[in-house]
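Chemist: For reference, the structure I am asking about is given below.
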Amino acid sequence: MQDKNSGRNESKYKADPKNNPLRAFGVADCAPADALVIGFDNGAGNCCAVLAETNVDGKINYRRMYFDAAGATTNLYTVLTLAGEQEILGKEGLRTQGKDKKLYVNFKRPPGTDEARQTYAGDFEAPSYEALMRRFFQSALAAVFQYNKSYLAGTGKKRAIVFVGRPASQIWEQHALDYQKLLGEGLSIPDFDGKIDLVIYSEPQAAMAYEYSQGKVQTQETVLIVDCGSSTFDAVLVHGREIIAEYSRQLGAGEIEKLMLDQLLAQDDGQALQSVDARLQMREDKLRRLVGAGNWGEHVAQLRTKKEDFYGQEGQNGDPNLMYSVQLQTETSVETVRRFIDGEFMHQVIRGIPIRVMDSYQNAPGIAYGFAEYPSFYHATEAFLQEARAKCEQKGQAAENIRVILTGGASVMPFIGELVRKCFGKTAFGVDKDGNPLDRSENPAFSVGEGLAFMGYVELLKRKVYRDAKAEIVERVNGASDKLRGIVCEPYLDASWQSLVRDLKVWSETDRFGDTLASGVQGDGVPIPVDQINKQVQQSIGAFGAEIGAQVAELMEPVLGKIDKKLAFSVKKEDIGQVLGSTAPLGVVTFNKKDLLGFVSSWQIKSTDQSLSVDVRKHVFQDVLKRADRIRNATRAQLWKKAEYAVPGISQKIIDSMIRTLDNYINKITPYLVERYGG
């Protein structure tokens with residue numbers, strides 16, 4: 001059973017999420033026009049929600065959803081604040097005052113892991129990371145339906161399918177179903193009385209789809225899409241519309257705000273920043289002495305805004321001289337620690353403090369104890385890009401021939417672009433119209449969210465095409481039973497007639513079979529060379545399947561368009577030919593004496609054991625040849641009856657084979673749909 005709004009389903013699915021994400025997460029498919037299709041970029045630092053719709057031209061448009069009453073906040077800080085009974089999302093919680101205020105930040109963890117089940121650190125009530133992830137997501141989704149109610153209600157739709165992003169790492173992929181269950185447990189949206197389903201979808205795949213949909217990637221171009229998020233850095237290598245390699249690390253820009261606070265707390269104690277263990281011990285000691293407004297989580301969230309102000313929107317026009325302060329309790333007083341958030345400060349944060357990066361893969365080479373340490377965030381990022389480059393080269397793609405596209409909030413930081421050019425060459429981001437290297441790639445803030453919405457719509461469209469095509473195949477094959485019986489019967493009819501004529505000719509001219517009609521026509525029936533005839537039947541069935549396939553493809557064309565011939569929907573004859581199965585009942589045909597000889601001749605030849613002269617045998621043979629149509633019609637009726645029992649099984653095997661072909665076909669057409677329905 002499925003809860004009304006929980007997105008949970010007790011059925012156990014083993015479908016591949018990359019080929020059929022709806023079934024993999026227990027979500028019943030539907031026509032995209034019948035549901036609200038929402039992409040939700042559930043980032044560790046920021047999140048956004050995007051609704052996918054089609055315009056009059058049939059292209060997919062994006063509508064960015066609001067998270068507040070002002071209708072302006074379309075990108076939400078992943079910060080959850082509790083102030084008494086009030087639950088506040090995003091930056092607004094940073095401005096809220098009150099001694100009972102509790103603020104939570106940086107709580108995104110791979111679900112189903114021990115780390116995710118740990119309690120949240122801080123000097124306040126400590127829920128688990130999993131509880132915080134669920135609570136924030138459900139509150140944010142509720143805000144989407146609340147503050148976009150007038151528009152969403154106006155669509156009249158009673159079902160919403162939310163495609164939620166996940167990092168590409170192996171850990172996140174393995175726990176995708178856990179993530180769906182975690183986010184959907186007890187989900188209830190007061191402002192939506194319909195059904196809500198959750199589908200977990202790869203963020204890098206969504207980012208790739210967005211770039212293709214916007215026409216930013218040429219069909220046969222090799223591109224590395226790097227998503228620099230707050231919890232993970234992901235890279236996907238794309239060639240010919242398909243992902244050919246992936247790489248991810250649990251390295252996220254959310255670590256930078258923590259390093260900023262650590263540097264501030266360390267004051268001038270350089271030893272405290274020389275190792276990860278020393279820094280974490282210093283952090284623990286200093287946090288116990290924090291006084292005044294804010295706790296660790298709030299300072300981290302506030303420093304995130306400082307970081308964004310320092311680098312500026314889209315990495316431009318930043319403020320190089322910012323100030324931040326904390327208050328620490330000493331033995332006799334309260335000390336205020338102030339630091340300028342300037343170039344020197346950020347240089348030390350990025351390049352001078354050792355960090356520890358958790359592993360993203362099981363049994364990864366060079367990784368011990370589930371993590372790796374680097375001299376700085378800068379070095380960890382460089383290692384990530386170098387490993388991504390190695391993955392490219394393993395696939396035969398030279399770094400110098402790859403264009404890099406950066407997405408994600410952290411990509412605005414100049415050092416990211418610097419490292420990309422260092423690892424992939426000075427033209428890594430491409431060149432302008434004059435051939436000069438570009439400084440950076442385009443960085444749409446909503447690329448993942450819009451990509452999730454887009455891919456959600458495409459996935460629903462794919463399943464509708466699949467469902468309609470499957471129904472059409474079943475109807476057309478089952479409706480052609482008489483044609484299939486004919487396909488099976490005619491080769492056996494020809495073979496049985498040829499076998500009869502061949503034996504009678506020998507009988508009429510020689511005594512090879514004796515001089516009686518019984519032995520001459522093989523009284524137990526005329527044997528048919530089944531193996532030889534089956535090849536002919538198989539070819540005919542293959543042609544029949546290809547004909548049905550062409551008809552189905554024609555019906556699919558208004559949705560799919562005329563796509564690449566390499567993926568044109570068809571049924572291979574050699575595949576369909578194997579469905580014939582056993583034809584033992586058709587392997588022997590018997591002949592009635594009156595059908596064979598006619599009434600007069602059969603009366604004259606009173607017994608099939610009657611000895612006949614050579615002249616009579618020749619006369620009988622010629623008489624049989626004259627009666628060919630009568631004999632063939634009688635034989636056809638006999639074979640038609642036998643085929644009645646064989647055709648249903650043959651029909652089902654044809655349907656099964658065609659649907660397998662359809663499965664493979666549907667799984668391959670995603671890139672074509674992305675380009676067809678892109679902006």
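The values are calculated or read from the model by the stated rules, or taken from the named source; none is laboratory data. All values derive from a computational prediction rather than experimental measurement. Neighbour counts run over all protein chains shown; Cβ positions are idealised from the backbone, glycine included. Calculation scope for accessible area: heavy atoms of the full protein, side chains included, ligands and nucleic acids excluded. Shrake-Rupley method; radii C 1.70, N 1.55, O 1.52, S 1.80 Å.
Chemist: So if we plug the beta-carbon distance of residue 92 and residue 126 into 1/(1 + (r/R0)^6) with R0 = 30 Å, what FRET efficiency do we get, rounded to 0.05? Write out the running numbers ahead of the final one.
Modeler: Numbers: r = 23 Å, r/R0 = 0.76.
The calculated FRET efficiency here is 0.85.
Chemist: So, one more: If I model a spin label at residue 656 and residue 317 as a point 7 Å from the Cα along the Cα→Cβ vector, what separation in nanometres do I get?
Modeler: Label-label distance for residue 656 and residue 317, simple model: 6.5 nm.
Chemist: Any idea what the relative contact order of the chain is, in percent, if you count C-alpha pairs under 8 Å spaced at least 6 apart? Before the final figure, lay out the partial values.
Modeler: Values: 1176 pairs, mean separation 95.4, N = 679.
Result for the chain is 14 percent.
Chemist: Within the accessible area of the chain, what % is carbon and sulfur when the probe is 1.4 Å and the other protein chains stay in place?
Modeler: Details: 14350 of 30660 Å².
Exposed carbon and sulfur together represent 47 percent of the surface.
Chemist: Now, a different point. Just to verify a number: what accessible area does residue 611 come out at with the full protein assembly present, 1.4 Å probe, Å² rounded to tens?
Modeler: That residue has around 80 Å² of solvent-accessible surface.
Chemist: Would you mind getting the accessible area per residue of the stretch 14-80, heavy atoms of the protein chains only, 1.4 Å probe, in Å²? The partial results should precede the final answer.
Modeler: Values: 2570 Å² over 67 residues.
Value returned for the stretch 14-80: 38 Å² of accessible area per residue.
Chemist: Something else: Assuming R0 = 22 Å, what is the FRET efficiency of residue 85 and residue 191, from their Cβ-Cβ distance, to the nearest 0.05? The partial results should precede the final answer.
Modeler: Details: r = 19 Å, r/R0 = 0.87.
So, using R0 = 22 Å, E works out to roughly 0.70.
Chemist: If you line up the long axis of helix 614-626 against the longest principal axis of the chain, both from Cα atoms, how many degrees apart are they, to the nearest 10?
Modeler: The angle comes out at about 50 degrees.
Chemist: Mind checking the stretch 83-186 for trypsin sites (Lys or Arg not before Pro) that DSSP puts in a loop (not H, G, I, E or B) and that have at most 14 other Cβ atoms within 10 Å? Show your work: numbers first, answer last.
Modeler: Details: sites: 91, 95, 99, 101, 102, 108, 117, 134, 135, 149, 157, 158, 159, 181; in loops: 91, 99, 108, 157, 158.
Taking the stretch 83-186 and a limit of 14 other Cβ atoms within 10 Å, the loop trypsin sites (Lys or Arg not before Pro) found are 99, 158.
Chemist: Angle check, please: helix 296-311 long axis (alpha carbons) against the longest principal axis of the chain (alpha carbons), in degrees 0 to 90, nearest 10.
Modeler: Rounded to the nearest ten degrees, it is 80.
Chemist: For the stretch 100-191, taking Cα atoms only, what is the radius of gyration to one decimal and the Dmax to the nearest whole Å?
Modeler: Values for the stretch 100-191 (Cα only, Rg and Dmax): 15.2, 46 Å.
Chemist: Pull out the extension gain between residue 139 and residue 325, defined as 0.36 nm times the separation in residues minus the alpha carbon to alpha carbon distance; nm, one decimal.
Modeler: On the way: separation 186, 0.36 × 186 = 66.96 nm, distance 3.10 nm.
Going from the current span to full extension adds 63.9 nm.
Chemist: Regarding the chain, what's the average projected area of the Cα-atom convex hull, expressed in nm²? Walk me through the numbers before you get to the answer.
Modeler: Details: hull surface 162.2 nm².
Taking the Cα atoms of the chain, their convex hull projects to 40.6 nm² on average.
Chemist: Bin width 10 Å, origin at 0, all Cα-Cα pairs of the stretch 418-489: what percent of pairs per bin?
Modeler: Whole-percent P(r) values from 0 Å outward: 16, 18, 17, 15, 13, 11, 10, 0.
Chemist: What spacing in nm lies between the two simple spin-label points modelled at residue 57 and residue 70, each 7 Å away from Cα in the Cβ direction?
Modeler: 3.4 nm
Chemist: At 0.36 nm per residue, and after removing the present C-alpha to C-alpha distance, how many nm does the segment from residue 478 to residue 543 gain when stretched out fully? Write down the numbers at each step before the final one.
Modeler: Numbers: separation 65, 0.36 × 65 = 23.40 nm, distance 1.61 nm.
Gain on stretching residue 478 to residue 543: 21.8 nm.
Chemist: Now for a separate question. Roughly what percent of Cα-Cα pairs across the stretch 139-178 reach past 13 Å? Provide the component values of the computation, followed by the final result.
Modeler: Working: 517 of 780 pairs.
Taking all Cα-Cα pairs of the stretch 139-178, the fraction more than 13 Å apart is 66 percent.
Chemist: For the stretch 386-515, what are the per-bin percents of Cα-Cα distances with bins 10 Å wide, up to the bin holding the maximum?
Modeler: So the P(r) values, bin by bin, are 10, 18, 16, 11, 9, 10, 10, 8, 6, 3, 0.
Chemist: Just need the relative contact order of the stretch 55-185 here, percent rounded to a whole number, with Cα pairs under 8 Å and 6+ apart. Could you put the intermediate results ahead of the total?
Modeler: On the way: 141 pairs, mean separation 29.0, N = 131.
Contact order relative to length: 22 percent.
Chemist: Follow-up. From Cα pairs below 8 angstrom and at least 6 apart in sequence, can you work out the relative contact order of the stretch 76-131, rounded to a whole percent?
Modeler: Values: 80 pairs, mean separation 14.7, N = 56.
Relative contact order for the stretch 76-131 comes out at 26 percent.
Chemist: How far is helix 276-287 tilted off the main Cα axis of the chain, in degrees rounded to 10, range 0 to 90?
Modeler: 60 degrees
Chemist: Residues in the stretch 43-60, backbone N under 18 Å from the label point at residue 468 (7 Å along the Cα-to-beta-carbon vector): list them, ranges by number please.
Modeler: Zone members listed by number: 53-60.
Chemist: I've got another one for you. So what are the stretch 238-280's ellipsoid semi-axes, whole angstrom, largest first, if each one is the square root of 5 times an eigenvalue of the alpha-carbon gyration tensor?
Modeler: Details: eigenvalues 278, 23, 9 Å².
Over the Cα atoms of the stretch 238-280, the semi-axes work out to 37, 11, 7 Å.
Chemist: For the chain, the longest stretch holding no chymotrypsin sites (Phe, Trp or Tyr not before Pro) located in a DSSP loop with at most 16 other Cβ atoms within 10 Å is which? Display every interim value, and only then the final one.
Modeler: Values: sites that count: 13, 124, 361, 369.
Within the chain, the longest run free of exposed chymotrypsin sites (Phe, Trp or Tyr not before Pro) spans 370-679.
Chemist: Further question on the same structure: Could I have the simple spin-label model distance between residue 155 and residue 309, label points 7 Å from Cα toward Cβ, reported in nm to one decimal?
Modeler: 3.7 nm
Chemist: Could you give the spread of the C-alpha atoms of the stretch 393-457 along their three principal axes, from largest to smallest, in whole angstroms?
Modeler: Principal-axis extents of the stretch 393-457 (Cα, largest first): 35, 28, 25 Å.
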